[in-house]
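Have a look at the structure below before the remarks.
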Amino acid sequence: MKKRALTIAVILIVILTGIGILKLFPSNASTIKSNWDISFPIKAVLTETYEKDSGASFHGDGVRYHVFSYKYEDYIDLMFAWTPNEHKTNFYPTTREAAEVWLDEIDVPADERPDYSKCCSWSKSQDDNSEIIFFWDNNLNKLYIVESFI
């Protein structure tokens, strides 16, 4: 009887620990890690506040959008070499233009979009011309992520 109770207790501890660890990661962190090899800093304590995408696709193409709030700015600051200036993307003259086209495509309301004039940005592209753009508003403690898969 004691052995059975101990086994049940160990199983419960493992399950609860697993759930606790999963709550440390934003819901889409593992997908962004696998698609872009970008990891979120756990110590920033990110919480996803908004998400929208273009839906399932046979080829996996489309647009995905995520908004995260965070508790600790220092860890976000260290993620990338953020730039306050607009820069060119694969298909658009600026990150702002690219983001606006993609967000229009999935009907993201204006109040869920970044105020680009208050954001720093960083972007990455893949060999197939898929792109990801991060916008960081350190005044609002928000991280906006737009992904376009081709």
Give me the one-decimal nm value for the distance between modelled label points at D53 and W36, 7 Å along each residue's Cα-to-Cβ direction.
1.3 nm
Give me P(r) over segment 60-150, computed from all C-alpha to C-alpha distances, binned every 10 Å, as integer percentages.
17, 53, 28, 2
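Relative contact order (percent) for segment 38-126, with alpha-carbon contacts under 8 angstrom and 6 or more residues of separation?
So the answer I get is 29 percent.
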What base-10 log of the normalised intensity I(q)/I(0) is obtained for segment 97-150 from the Debye formula, alpha carbons as equal point scatterers, at q = 0.13, 0.18 Å⁻¹?
-0.31, -0.59
Can you work out ³J(HN,Hα) from phi for every residue in segment 45-61, in order, using Karplus 6.51 cos²θ - 1.76 cosθ + 1.60 and θ = phi - 60°, giving whole Hz and x for Gly and Pro?
6, 7, 10, 6, 10, 7, 8, 7, 8, 7, x, 5, 9, 4, 8, x, 7
Go through K118, K88, K142 and list them by solvent-accessible area, largest first, probe radius 1.4 Å.
K88, K118, K142
Given the protein chains as shown and a 1.4 Å probe, how many square angstrom of L140 are accessible, to the nearest 10?
100 Å²
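The values are calculated or read from the model by the stated rules, or taken from the named source; none is laboratory data. Just so it is clear, the structure is predicted and the values come from calculations on it, not from any experiment. Cβ sites come from the backbone with ideal geometry, for glycine too, and all protein chains shown count toward neighbours. The area values use the complete protein model at the heavy-atom level, side chains included, leaving out ligands, DNA and RNA. Shrake-Rupley method; radii C 1.70, N 1.55, O 1.52, S 1.80 Å.
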